[in-house]
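Participant: Just dropping this structure here.
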Amino acid sequence: MSSSLERRTQLAAKSLLTAQLGLADDDTAVIGVELDALDTQLASLRAAFPESVRHAVAVKTMPHPEMLAHLIARGFGLEAASLEEVQLALGAGAAPSDLIFDSPVKTRTEIAWCQANLPGALLNANSIAELARYPSEPSFQVGLRINPELTTGAPSEFDVSGERSKFGVPISTSRSEIIEACIDADVTALHMHIGSQVPTCDAHVEAVGRLLELAKEIDAERGERQDGRRILTLDIGGGVRAETDSDALMSRYGHRLQAEHPSLFEYDVRTEFGQWVHANNGWAATRIESVEERAVPMAFVHLGADYFMRDVYGATGSMNYGFAVVKGDGRVAMASDDNEPTRTYDLVGPLCFAGDVLAQDLELPVLSEGDWLVIAGTGANTLGLWSRHCSRAVPTVVASNGGACRFWSARQSPI
Ligand SMILES: Cc1ncc(COP(=O)(O)O)c(C=O)c1O
C-alpha cells in the first residue's frame, strides 16, 4: 500500500470509529466522505489552472445532495448527465448559470424545460441533429460536443474518442458541415470529454489543441461573413484519473495547457472533472457478517456489486483500495503492520449471484464476526452507481470534518 493510501485508510478507520457512536444495529455498512481532504483536492484543482477557469464537478461521480451543496458552497459548478441530475443540482442550491447539461439523449420536452428554467446554463449538444431541436432564441448557452478522435489510453469502457463513440461530432466530419451547423445554431461553446481514467496528460493536451483549432476556424468564417458572434467558451470536460501517491497529474495537465496552448485561456474555460475530485476522499466500511472455512477462508460482507459495481462487473476489476480492520474493542489493524497476524481471504458480497466477489486471496488482518472492514479510496462512481439488485438498502452516509462526524443521510430502503 502506498504511504498516502495508508494514511487515508487510517483516517477512514478513525472516522468510522467516530461514526459508530451514531450507528444503529441494522447499519451493516457505512459510506464516508472526508471533507477536509476534499477541500484540499478542490484547492489543488483551482491551483492547477489560471483563476479565470470555471470548474464544474460531474454530478454522476458522487451525486449525494449534501455533496452537491458542499461543492456549490465552495464555488464550484456542476455537470449534469441527465435532467434528473440537473434537478438534483438545482435542489442542492445551484444557480442555472453554474450548470452544464451534457446528456446525449436530451428529449424535445427536456430542451423546452431548459429553455424555461435554465437561463444562462450551458447545454452541450451531442450532435448536429440535436442542435436542430434547440429554440431559435435560446435562454441558455449553446455548445457542441466534439469527438477529437484520438487514442486516449483510457480503459476501453471509458474511452469515448474512438470512431464508434456515441459521443460528440467526430472531428473528421467535413469542416464546412461543422462550421455551418455552428453558425446556423448560434453555437458559442465547444465541448470535449475524451474519456475517463485517462492515464497521462498527452491525449488531453492534444485534444484541446484540436478543439482550439476548430474554434478559430469557426470564428474566422464568422468574421468573413461579418457575423459578430464568436466561440466564447471551451469546455474541456473531465477524464483525469485519480492521483496515485501525489503524482500531481492535474497540476501537470494545467501547466502543460498553459505552456502549449496559451490561447486557450483567452476563452471562458470550463472543466468537468469527477473521478479525480472524489476518488481519494471517500471510504466505505462493512461489518464482517461471518467468516467461513470453505475451500479458502471466505469473509462475507455487506457491500458487493451493489456499491462496487465497476469492480465486480469487471470494468476496473482491481479493488485497488486501502484496507483496515476495526476490531470490536476499537483497535485498528492493518496487514502492513509487521506485528499483525494476517490471513488471505476471498471477500464475498451480499448479493445472490456467484459473481459477487470483491477480491480473491486478499491478505487482511485475521477477521472475526462483528469486525468492521474499512475500504479507503472509494469516493468516485460507487454510491452514484448503486445497484438495486436484491433490493438492499443504501447505507448510511456520513461526512467527517476536523475529526467531527455529521450524518448526511440515514440508511435508505429502496422499497
Ligand atoms: C461529459 C462528461 N464530463 C465529465 C465526466 C467526468 O469524468 P471523470 O470522472 O473521468 O473526470 C464524464 C464522465 O463520464 C462525462 O461523461
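Participant: Within the stretch 257-290, how many residues turn out to be in contact with a strand residue (DSSP E or B) (Cβ under 7 Å, 6 or more places away or on another chain) and near the ligand (Cβ under 9 Å from one of its atoms)?
Facilitator: Restricting attention to the stretch 257-290, the residues satisfying the condition of being in contact with a strand residue (DSSP E or B) (Cβ under 7 Å, 6 or more places away or on another chain) are 264, 267-274, 276-277, 281-290.
The next check asks that each one be near the ligand (Cβ under 9 Å from one of its atoms); those that pass are 271-274, 276-277.
Residues in the stretch 257-290 being in contact with a strand residue (DSSP E or B) (Cβ under 7 Å, 6 or more places away or on another chain) and near the ligand (Cβ under 9 Å from one of its atoms): 6 in total.
Participant: What residue, among those in the stretch 183-199 that are more than 12 Å from the ligand (Cβ to nearest atom) and in contact with a Leu (Cβ under 8 Å, 6 or more places away or on another chain), is nearest to Asp247 (Cα to Cα)? Quick ask: steps written out before the conclusion?
Facilitator: Pass one, the stretch 183-199, residues more than 12 Å from the ligand (Cβ to nearest atom): 183-190.
Keeping just the survivors that are in contact with a Leu (Cβ under 8 Å, 6 or more places away or on another chain) gives 184-185, 187-190.
On the way: Asp184: 44, Ala185: 42, Val187: 37, Thr188: 35, Ala189: 31, Leu190: 30 Å.
Among residues in the stretch 183-199 that are more than 12 Å from the ligand (Cβ to nearest atom) and in contact with a Leu (Cβ under 8 Å, 6 or more places away or on another chain), the one nearest to Asp247 (Cα to Cα) is Leu190.
Participant: I'm trying to understand the selection: among the residues of the stretch 380-396, which are under 14 Å from Met309 (Cβ atoms), not polar (S, T, N, Q) and not in a helix (DSSP H, G or I)?
Facilitator: Residues of the stretch 380-396 that are under 14 Å from Met309 (Cβ atoms), as a first pass: 380-390, 392, 394.
The next check asks that each one be not polar (S, T, N, Q); those that pass are 380, 383-386, 388-390, 392, 394.
If the condition is that a residue be under 14 Å from Met309 (Cβ atoms), not polar (S, T, N, Q) and not in a helix (DSSP H, G or I), then Ala380, Trp386, Arg388, Arg392, Val394 are the ones that fit.
Participant: I would also like to ask the following. State whether one or more residues within the stretch 343-365 are among the charged types (D, E, K, R), surrounded by fewer than 23 Cβ atoms within 10 Å (Cβ to Cβ), more than 24 Å from Lys14 (Cβ to Cβ) and within 26 Å of the chain's Cα centre (by Cα).
Facilitator: Checking the stretch 343-365: at least one residue is among the charged types (D, E, K, R), surrounded by fewer than 23 Cβ atoms within 10 Å (Cβ to Cβ), more than 24 Å from Lys14 (Cβ to Cβ) and within 26 Å of the chain's Cα centre (by Cα).
Participant: Which residues, taken from the stretch 128-153, are assigned to a loop (DSSP other than H, G, I, E, B) and buried (at least 20 other Cβ atoms within 10 Å of the Cβ)? Break it down into steps so the answer makes sense when it comes.
Facilitator: So in the stretch 128-153, the residues assigned to a loop (DSSP other than H, G, I, E, B) come out as 132-140, 148-153.
The answer is Tyr134, Phe140, Pro148, Thr152.
Participant: Still on this structure: Quick check on Leu303: is it touching a helix residue (DSSP H, G or I) at 6+ places or on another chain (Cβ under 7 Å), more than 16 Å from the ligand (Cβ to nearest atom), at pLDDT 95 or above and not in a strand (DSSP E or B)? Walk me through it before giving the result.
Facilitator: Values: touching a helix residue (DSSP H, G or I) at 6+ places or on another chain (Cβ under 7 Å): no; more than 16 Å from the ligand (Cβ to nearest atom): yes; at pLDDT 95 or above: yes; not in a strand (DSSP E or B): yes.
Taking the combined requirement at face value, the residue does not satisfy it.
Participant: Moving on. Looking at the stretch 164-280, what helices (runs of 4 or more DSSP H) fall wholly within it and have at least 3 residues that are farther than 30 Å from Asn320 by Cβ and open to solvent by 20 Å² or more (accessible area, probe 1.4 Å)? Steps first, answer last, please.
Facilitator: Details: elements: 175-184, 202-224, 249-260, 275-278.
Here the list reads 175-184, 202-224, 249-260.
Participant: For the stretch 62-83, which residues satisfy the criterion of being open to solvent by 30 Å² or more (accessible area, probe 1.4 Å), closer than 17 Å to Ala43 by Cα and not small (Gly, Ala, Ser)?
Facilitator: Ile72, Arg74, listed by residue number.
Participant: Something else about it: Does Gly120 qualify as being within 16 Å of the ligand (Cβ to nearest atom) and touching a Ser or Thr at 6+ places or on another chain (Cβ under 9 Å)? Walk me through it before giving the result.
Facilitator: Numbers: within 16 Å of the ligand (Cβ to nearest atom): no; touching a Ser or Thr at 6+ places or on another chain (Cβ under 9 Å): yes.
Judged against the criteria, Gly120 is not a match.
The values are calculated or read from the model by the stated rules, or taken from the named source; none is laboratory data. Fair warning: this is a prediction, and the values are worked out from it, not measured in the lab. Every residue, glycine among them, receives a Cβ derived from its backbone with ideal geometry; neighbour counts consider all protein chains shown. The protein model used for the area step is the full one, side chains on, heavy atoms only, and it has no ligands, DNA or RNA in it. Shrake-Rupley method; radii C 1.70, N 1.55, O 1.52, S 1.80 Å.
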